[in-house]
Amino acid sequence: MSGTLAIIGRPNVGKSTLFNRLVGRRLALVDDRPGVTRDRREGEGRIADLTFAVIDTAGLDDAPPSSLEGRMRAQTEAAIAESDVCLFLVDARSGVTPLDRHFADLLRRSGKPVVLAANKCEGRAGESGLYEAFELGLGEPIALSAEHGEGLSELYDAIAPHL
Ligand code: GDP
Ligand code: MG
């Protein structure tokens with residue numbers, strides 16, 4: 001296992017779905033560890049011959065609305081700080097939102113390498129959102145489908161140099 005990848009993005013973009021795809025059953029090894037909180041999961045990710053630590057963030061369902069942003073920011077900042085590369089996920093089907101821009105600014109300020117990916121790109125429904133993601137100023141977005149396992153070789157090429 002080499003470096004650490006943090007999956008960053010607003011709720012519902014598919015972070016946990018991607019985490020599960022990267023980690024698969026190996027999650028079971030870390031799930032029972034004392035001190036591993038419910039809203040932050042870590043595991044050993046794998047794409048082909050590349051293995052790495054992966055952090056999933058933001059299980060915010062229990063947070064009162066007033067503290068939502070605060071908790072999201074704290075958890076996200078901790079994951080960013082520990083990572084060697086951040087995978088910033090947006091939802092190609094909903095397009096870029098103000099919260100996406102907020103995360104983009106946070107990532108830019110962190111100084112960490114950022115790989116931008118637009119998830120839910122299977123079929124044609126994600127096309128406009130994929131192009132919209134260019135606006136975030138974080139380079140060319142990778143077209144992903146976490147649910148269908150599409151775009152993983154492009155993801156490999158983008159993250160491997162940092163891990
Ligand atoms: P998170 O809040 O960012 O962790 O997002 P989740 O992984 O919980 O996913 C949110 C929703 O998006 C769920 O209903 C997933 O089934 C759905 N989803 C995740 N990945 C994809 C994808 O590649 N394509 C589509 N169409 N839906 C997806
Ligand atoms: Mg999640």
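The values are calculated or read from the model by the stated rules, or taken from the named source; none is laboratory data. Note that the coordinates shown come from a computational prediction; the quantities given were computed from them, not determined experimentally. Every residue, glycine as well, gets a Cβ built from its backbone with ideal geometry; the counts of neighbours run over all protein chains shown.
If you go through region 116-146 and keep only what is crowded, with 17+ Cβ neighbours inside 10 Å and within 12 Å of ligand 1 (Cβ to nearest atom), you end up with Ala117, Ala118, Asn119, Lys120, Cys121, Glu122, Gly126, Gly129, Ala143, Leu144, Ser145, Ala146. Cβ separations smaller than 8 Å between residues 6+ apart or across chains give the following pairs from region 131-154 residues that are touching a residue at least 12 places away in the same chain (Cβ under 8 Å) to residues that are part of a strand (DSSP E or B) and hydroxyl-bearing (Ser, Thr, Tyr): Gly151/Ser145. Inside region 107-121, residues that are in contact with a strand residue (DSSP E or B) (Cβ under 9 Å, 6 or more places away or on another chain), over 14 Å from Glu154 (Cβ atoms) and away from ligand 2 (no atom under 16 Å from the Cβ) make up a count of 6. In region 92-115, the residue that is nearest to ligand 1 (Cβ to nearest atom) out of those that are farther than 19 Å from Ala81 by Cβ and not polar (S, T, N, Q) is Arg93.
Checking region 134-148 against the condition returns no match, with no residue being in a helix (DSSP H, G or I), at pLDDT 95 or above, within 15 Å of the chain's Cα centre (by Cα) and more than 16 Å from ligand 2 (Cβ to nearest atom). Of the set (1) at pLDDT below 95; (2) over 19 Å from Leu5 (Cβ atoms); (3) of a type outside the set (A, V, I, L, M, F, W, C); (4) away from ligand 2 (no atom under 16 Å from the Cβ), all apply to Arg93 but (1).
Among the residues here, Leu99 qualifies as closer than 26 Å to Ala74 by Cα, modelled with pLDDT under 95 and not in a strand (DSSP E or B). Among residues of region 44-66 being of a type in the set (Ser, Thr, Tyr) and at pLDDT 65 or above, the one that is surrounded by the most Cβ atoms within 10 Å (Cβ to Cβ) is Thr57.
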